[in-house]
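For reference, the structure discussed in these notes is given below.
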Amino acid sequence: MASYLSSPGSDRQLGLIAPRRFLALSLPLWATDCLKRADPSLGTSRRPLALWEKQQGAMRLAAIDAAASRAGLSVGQNLSDARALVPELELREIDHSFITHVFADFADWHSNASPIVAVLPNIAPFGDLVMDITGVDHLFGGEEKMLAQLLGRLRVLGYTVIGAIADTIGAAWAAAHFSPGILPSGTLEDALAHLPVGALRLDEAQISGLNQMGLKTIGQLYSRDRRALQARFGSSLLIRLDQALGRIEERLVPRLPIAEYHTERRFAEPIGYMDDVLMTTHDLATRLALRLETEQLGAQTFHLLLYRVDHKVMTLSVNAARATRDANHIAQLFVHRSERLEGEYDAGFGIDMIRLAASSLSDVSSTQIGAFETEDGAEDLNRLFDRMTSRLGPLSVLRSKYQNTHIPERAVVLEPIVARTADDPAAAPNTELRRPIRLLPAPEPIEVIAEVPHGPPMRMVWRRVSYRVLKASGPERIEAEWWRTGQNLAFLLPPPDPDKPEAPPPDKTKKKVIAPRLDEHVSKLETFSAETTVRDYYVIEDDGGRRFWVFRIGLYGAKAPPRWYLHGFFA
């Protein structure tokens, strides 16, 4: 908080953050422009277009195009008034989710100009995007040519767009909305001084309050007492001001993951066939492998980005079982991945750029191929895993991993083979313990007749089938893991019978004790705390030679009678 209350002079004495360069694009008519792109009939029609939505029970205009604005309509106007003013008005109900989704894809497309692209949802979830162009503008011949090229290609597609370049995100956004152009580095205070306070991305209440105080421009805030501004308008006003002037850093949240190692190819004429894409991918994989080899690195995840002419991006990602930089193997993974696309691949009007990026990097030393190499088959096995995963999907090829726990249903988990983690030596199973070869998804209730309390069952009824027990061994007591807090275990329970009276306490003088009847129709789950659940497991064998793994929860003579469950099968 102290940084917000310090004077502007003291901030300058502490030094500003190292300047970067940001390019902001504003598309004020995005809602109607993207709808015209999606529906060609609207683009060819000369009728004004407006989008409406319900606001506080009334239908009002939510977005208008340039023709509707020239006709005297405005956002927020009543729908009936708009129809009366412009009878030929074309009206559509606004679809916020569709417009936002399309704008996100539109922002991704701009990663062909800069790897760091983000949507700024401060005012609206669509319409504003910012790119970090530090060290990128020289690829376009400078900032002026880069800005002109980005604006030009969007205007050719029919979008209304304005842009600006500045040292900070806030300054670039402010200039794009109120003073388009390029702000020279180191001139933020002078360049922003004449802009209205709304250029700081404030809410309506803050803007209205500042205007009532006579503070209409950003420059008028420089000399005002910061404590008074914070007390009246909150710390967000000072944060936005300091971000715009570069006194505190504002970070972008990129839409696409940033890959330090990538290579790309641009085409003079767009391509469309998948075979051409895969051939280019092999060439890019060779170039990327050379870069990784220079740094003695390998990667486990590779991303292929296909930039279409119609401002859309297709992304294909593959994972390897271990870090690799084998160009042929990387290219083959994308060949298998393309087989899963089926009819989803659509090049649109063509692909004008392809980028191959690598992530999840790790050190990979050069492997000697010769007489001293040990062939243990692991490399071939990993290649097989990669091919299966790229063809079937990462969640289709799994492996079992032991967990350090005594609870049977937690002893093994499944994880993708290409994202496997290191095994815990302490989790290795105890070979002296008898465990079934198959566990049920959830323990199922059974009816049991025991010869004596706390003894093994003599007869079991499971799913309406009775089993006579000939042999039994146990019990093996498995207690709860006290260090696992807040993790409950689910057991199947029968629905309650409201007409059945509560069972009386069991009579300890009887030799045979019959557990309460459990119907096999299961309707709900009951959770047992991991701190209080204790199980007694038995291995039983029936007259047909079948062996089962059953357990009892609870003790005879307690307030609640014990319950029996079947958990697994030995044979």
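The values are calculated or read from the model by the stated rules, or taken from the named source; none is laboratory data. Note that this is a predicted model, so its numbers are computed, not measured. Heads up, the Cβs are rebuilt from the backbone with ideal geometry, glycines too, and the neighbour counts pull from every protein chain shown. Note: accessible area is taken over every heavy atom of the protein model, side chains too, but ligands, DNA and RNA are not part of it. Shrake-Rupley method; radii C 1.70, N 1.55, O 1.52, S 1.80 Å.
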(request) Consider all pairwise Cα distances in segment 384-480 and report the whole-number % of them above 24 Å. (result) 46 percent
(message) Heavy atoms only, 1.4 Å probe, whole protein assembly: order 477, 247 by accessible area, highest first.
(response) 477, 247
(message) Explain nothing, just the number: relative contact order of segment 380-474, from Cα pairs under 8 Å at least 6 residues apart, as a whole percent.
(response) 16 percent
(request) Within segment 159-254, report the GluC sites (Glu not before Pro) that DSSP leaves as loop and that have at most 15 other Cβ atoms within 10 Å. (result) 249
(message) Report the per residue volume, in Å³, of the convex hull enclosing the C-alpha atoms of segment 14-143.
(response) 161 Å³
(message) At 1.4 Å probe size, what's the solvent-accessible area of residue 353? Round to the nearest 10 Å².
(response) 0 Å²
(message) Distances longer than 21 Å among the Cα atoms of segment 84-209: what percent of all pairs is that?
(response) 48 percent
(request) Work out how far the C-alpha atoms of segment 294-360 reach from end to end along every principal axis, then list the three figures in whole Å, largest first. (result) 39, 24, 17
(request) Return the Rg/Rh value of segment 392-432, two decimal places, where both radii are evaluated on C-alpha atoms and Rh is the Kirkwood radius. (result) 1.03
(request) Which order do the peptides 418-426, 64-72, 26-34, 145-153 take when ranked by the mean count of other beta-carbon atoms within 10 Å per residue, highest first? (result) 26-34, 64-72, 145-153, 418-426
(request) Kindly state, as a whole number, the per residue volume in cubic angstrom of the convex hull around the alpha carbon atoms of segment 244-332. (result) 163 Å³
(request) Just reorder 168, 100 by solvent-accessible area, largest first, 1.4 Å probe, all chains present. (result) 100, 168
(message) Just the number: Rg to Rh for segment 187-228, Cα atoms, Kirkwood Rh, two decimals.
(response) 0.95
(message) Taking a cut-off of 24 Å, what percent of all Cα-Cα pairs in segment 144-243 are separated by more than that?
(response) 29 percent
(request) May I ask for the Rg/Rh ratio of segment 185-326, computed from Cα atoms with Rh as the Kirkwood radius, given to two decimals? (result) 1.23
(message) Test of the criteria: in segment 370-467, which chymotrypsin sites (Phe, Trp or Tyr not before Pro) are in a DSSP loop and have at most 13 other Cβ atoms within 10 angstrom of their Cβ?
(response) 372
(request) Could you state how much accessible area residue 547 has, in square angstrom rounded to the nearest 10, with a 1.4 Å probe and all protein chains kept in place? (result) 80 Å²
(request) Write out the GluC sites (Glu not before Pro) in segment 75-181 meeting two conditions: DSSP loop, and at most 12 other Cβ atoms within 10 Å of their Cβ. (result) 88
(request) Could you tell me the distance between the Cα centroids of segment 297-355 and segment 228-250, to the nearest Å? (result) 43 Å
(message) For 54, 216, give me the order by solvent-accessible area with a 1.4 Å probe, most accessible first, ignoring ligands, DNA and RNA.
(response) 54, 216
